[in-house]
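K.L.:
So that we are looking at the same thing, I have put the structure below in structure tokens.
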Amino acid sequence: MAKMDKSIKIYATVRKKYIQKSIKQRIEALFLDNIGKVITSEQIKKVSIDPITGKEPENWHQRLSELRTDDGYTILSWRNKGWLRVEEYLMPSSDKRPQAGKRIRPDKETWTKVLERAKHMCEWKEDGKACLLKENQIDPIGGGRVKLTPDHKKPHSINPTSDPSDFKQWQALCGRHQVMKKNYWDTSTGKMNVYAIIQSSTEQQKQIVFSFLLDYFGYIKDEKGVISKLIRNNEKK
């Protein structure tokens, strides 16, 4: 994987029409054509549009997430690299990580019950606040039309045998929150992915975590931002 210089950002240019069958395949081709280059959300949206019908993508965020989680590609965003802006993405290499196991889905009747319980809205909650985006609404944060999809309440990596007929084991999520949920869990170990949680946190929350870690490992930061190791009485200089 090539080392990236944050002082030099090379942006991708969409020079051809992508005619692959699925949204995910078109997005994949765009990234593979632009390894090491910054791709904007507008370029992804443009490629996501059906080349035959001109239909807008239901939610390109979820296809992007599948390239990361199901196909094993590394696709960086501002959450990974501070020098990338919001709505900018970069694939540093075409290498793939080992893929996760095949996921099961609820049966049709169960999914109908989940949607009825959710009132056809995203059930994601964060800090006590529900998402409540409805099917086919425009996502005001991520853009694109909302498509609700089934999600295991317990991550697939922890409970890969969720009952397809038990609607209590499933929830309806919009594509953006499907991405967030997947990033919160390490699919190989089934444990919480603390690194990903910190990445998705706000700047203020990152500062709180940073201060905690400095204190935990015995460092201090002065008013000029210089970090130094604390020398305790029982430690030799």
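No lab work stands behind these numbers, since they all come straight from the coordinates. This is a predicted model, so every value here is computed, not measured. Cβ: placed from backbone, ideal geometry, glycine included. Neighbour counts: every protein chain shown.
K.L.:
Estimate the FRET efficiency between residue 17 and residue 211 by the formula 1/(1 + (r/R0)^6), using the beta-carbon distance for r and 41 Å for R0, to the nearest 0.05.
P.N.:
0.25
K.L.:
Starting with the highest mean, order 21-34, 210-223 by the number of other Cβ atoms within 10 Å, averaged over the residues of each peptide.
P.N.:
21-34, 210-223
K.L.:
Going toward the positive end of the dipole of the stretch 40-153, with +1 on Lys and Arg Cβ and -1 on Asp and Glu Cβ, which of 152, 43, 73 do you reach last?
P.N.:
Farthest along the dipole direction, towards plus: 152.
K.L.:
Here's a follow-up. For the stretch 19-143, what is the charge dipole size about the Cα centre, in debye to the nearest 20, if Lys and Arg each add +1 at the Cβ and Asp and Glu each add -1 at the Cβ?
P.N.:
Charge dipole, the stretch 19-143, about its Cα centre: 200 debye, nearest 20.
K.L.:
May I ask for the net charge around residue 74, where only other residues with Cβ less than 12 Å from the Cβ of residue 74 are counted and Lys, Arg are +1 while Asp, Glu are -1?
P.N.:
+2
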